[in-house]
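The structure under discussion appears below in the form of structure tokens.
The values are calculated or read from the model by the stated rules, or taken from the named source; none is laboratory data. As the structure is a computational prediction, the values presented were derived from the model and not from experiment. Positions of Cβ are generated from backbone atoms using ideal geometry, with glycine treated the same way; all protein chains shown enter the neighbour counts.
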Amino acid sequence: MMNDDKTQEGRTAFGARLYEARKAKGFTQKQVETRIGIAQSTLAELEHEGKGSAYVVDLALLYEVNPVWLAKGIQQRIGTLPAPPWLIELNENEYKQTEQFAKNLIFARPQKKNPLAS
């Protein structure tokens, strides 16, 4: 987890996450301005000195990253749905067991009949 002190590049931790996520998707600041409506100059400032923004959710959706990661630097980076804290704390074996259990639950659901099928 990163705090919001300056990074080696002179960015805040929040700004570094914004910059990293934007670059990973290959967007220019101008392209983000067009898609989200945040001024390019505001985005540039956030990427250097920002500590938070009302645009976090919109940016996370555009960049396809977890909004909690983008805002706070916690949880996993990838994915737009934040994971519950108990899931993050699982070790690899526990995670695999939980994932298999969830798959089994889904598989065990009663199948719905298609009303259009004859």
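Among the residues of the stretch 23-57 satisfying the criterion of being exposed (fewer than 13 other Cβ atoms within 10 Å of the Cβ) and hydroxyl-bearing (S, T, Y), which is farthest from I74 (Cα to Cα)?
T34
Can you confirm whether R11 is among the basic types (K, R), over 15 Å from the mean Cα position of the chain (by Cα) and over 17 Å from A71 (Cβ atoms)?
no
Could you list, in sequence order, the residues of the stretch 1-15 that are part of a helix (DSSP H, G or I) and either modelled with pLDDT of 95 or more or not aliphatic (A, V, I, L, M) (or both)?
Hits for the stretch 1-15 are F14, G15.
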